[in-house]
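Peer 1: The following block contains the structure, expressed as structure tokens.
The values are calculated or read from the model by the stated rules, or taken from the named source; none is laboratory data. Source: prediction; values computed, not measured. With ideal geometry, Cβ positions are generated from the backbone for all residues, glycine too; neighbour counts draw on all protein chains shown. Accessible surface is based on the protein model in full, side chains and every heavy atom, while ligands, DNA and RNA are left aside. Shrake-Rupley method; radii C 1.70, N 1.55, O 1.52, S 1.80 Å.
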Amino acid sequence: MKDFKELCLSGEPVFLDGGMGTYIQQMGGDLFGAKNNLEHPDLVRRVHDDYIGAGSRVITTNTFSLNEIYMAKKEFESENMGISLNRAMEIACEAAVAAESTHGKIHVFGGFGPCGELFMRGRCKNYENEQVVDSYAVQAETMSKYPISAFLLETFFDLTETGLVVEACKRVNPDLPIVMSLTFATANKGGAT
């Protein structure tokens, strides 16, 4: 059984899963992804199982928006945020373990998404940068209690915010790999990931 670093260095292709939120919505889940861990855990699990069945060697936790800053905008109580975050971790880890006998080692990535704040000239508009780091560190700390193979920063578009998330992850678990997916907006084409 290879750890994720060994798998990457082996030269073997590594297939990751696809969109979580859009897939859950297509199956009747909530538009607000964090609620699905609590109200539709069966759909979250089904998405993981479907991606594994399609050949994904990596699944991402349904935690894209589960940072304190984003959740405060949605008026999602801190207690519910913690419950949803832990439930998302449990669902993904259970799916990975269940699939191991038929699909081999399935890696779980702890997923982070942008906090929804505007960053200008290296600073967050409504929060101190240290508050942003602390918000993501709470998420990373919970994720680190589970057997994840890496942190995944998904569809970030601001390099300042991306750097703050990396700082939070390194503060909490300096040995865990960090994988990033950045999105770039272009006036003519609408953007690309």
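Peer 1: Pairs, please: C-beta under 6 Å, at least 6 apart or cross-chain, first residue assigned to a helix (DSSP H, G or I) and in the range 40-56, second open to solvent by 50 Å² or more (accessible area, probe 1.4 Å)?
Peer 2: Val47/Tyr23; Ile52/His103
Peer 1: Kindly indicate whether Asp3 is in contact (Cβ under 8 Å) with a residue 12 or more places away in the chain, open to solvent by 20 Å² or more (accessible area, probe 1.4 Å) and touching a helix residue (DSSP H, G or I) at 6+ places or on another chain (Cβ under 9 Å).
Peer 2: Judged against the criteria, Asp3 is not a match.
Peer 1: Residue check: is Gly33 free of Cβ contacts under 8 Å to residues at least 40 places away in the same chain and closer than 25 Å to Ala168 by Cα?
Peer 2: yes
One line per residue, one yes/no per condition, for (1) surrounded by fewer than 20 Cβ atoms within 10 Å (Cβ to Cβ); (2) touching a Phe, Trp or Tyr at 6+ places or on another chain (Cβ under 7 Å); (3) modelled with pLDDT of 95 or more:
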residue: Pro147; (1), (2), (3): yes, no, yes
residue: Leu152; (1), (2), (3): no, yes, yes
residue: Val165; (1), (2), (3): no, yes, yes
residue: Cys169; (1), (2), (3): no, yes, yes
residue: Leu182; (1), (2), (3): yes, yes, no
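Peer 1: Would you point out the residue of the range 57-84, among those that are in contact (Cβ under 8 Å) with a residue 60 or more places away in the chain and surrounded by fewer than 23 Cβ atoms within 10 Å (Cβ to Cβ), that is nearest to Pro13 (Cα to Cα)?
Peer 2: Among those that are in contact (Cβ under 8 Å) with a residue 60 or more places away in the chain and surrounded by fewer than 23 Cβ atoms within 10 Å (Cβ to Cβ), it is Val58.
Peer 1: OK, next. In the range 171-180, what residues are within 13 Å of the chain's Cα centre (by Cα) and surrounded by fewer than 16 Cβ atoms within 10 Å (Cβ to Cβ)?
Peer 2: Met180, the sole residue that qualifies.
Peer 1: Return the total of residues in the range 57-67 being under 13 Å from the mean Cα position of the chain (by Cα) and part of a loop (DSSP other than H, G, I, E, B).
Peer 2: Keep residues of the range 57-67 that are under 13 Å from the mean Cα position of the chain (by Cα), which gives 58-67.
Filter once more, keeping what is part of a loop (DSSP other than H, G, I, E, B): 61-67.
So the count comes out to 7.
Peer 1: Among the residues that make up the range 86-107, is at least one of them under 22 Å from Ala150 (Cα atoms), at pLDDT below 95 and not in a helix (DSSP H, G or I)?
Peer 2: Yes, the range 86-107 has at least one match.
Peer 1: Among Glu90, Glu100, which is the only one that is over 17 Å from the mean Cα position of the chain (by Cα) and either under 17 Å from Leu16 (Cα atoms) or surrounded by fewer than 18 Cβ atoms within 10 Å (Cβ to Cβ) (or both)?
Peer 2: Unique residue meeting the criteria: Glu100.
Peer 1: Considering only the range 103-145, state which residues are without any contact (Cβ under 8 Å) to a residue 60 or more places away in the chain, farther than 19 Å from Met81 by Cα and surrounded by 16 or more Cβ atoms within 10 Å (Cβ to Cβ).
Peer 2: Listed by number, the residues that qualify are Ile106, Val108, Phe119, Cys124, Tyr127, Asn129.
Peer 1: Taking the residues in the range 154-163 that are assigned to a helix (DSSP H, G or I) and either modelled with pLDDT under 90 or more than 19 Å from Gly110 (Cα to Cα) (or both) as candidates, determine which candidate is least open to solvent (accessible area, probe 1.4 Å).
Peer 2: If we take residues in the range 154-163 being assigned to a helix (DSSP H, G or I) and either modelled with pLDDT under 90 or more than 19 Å from Gly110 (Cα to Cα) (or both), then Thr160 is least open to solvent (accessible area, probe 1.4 Å).
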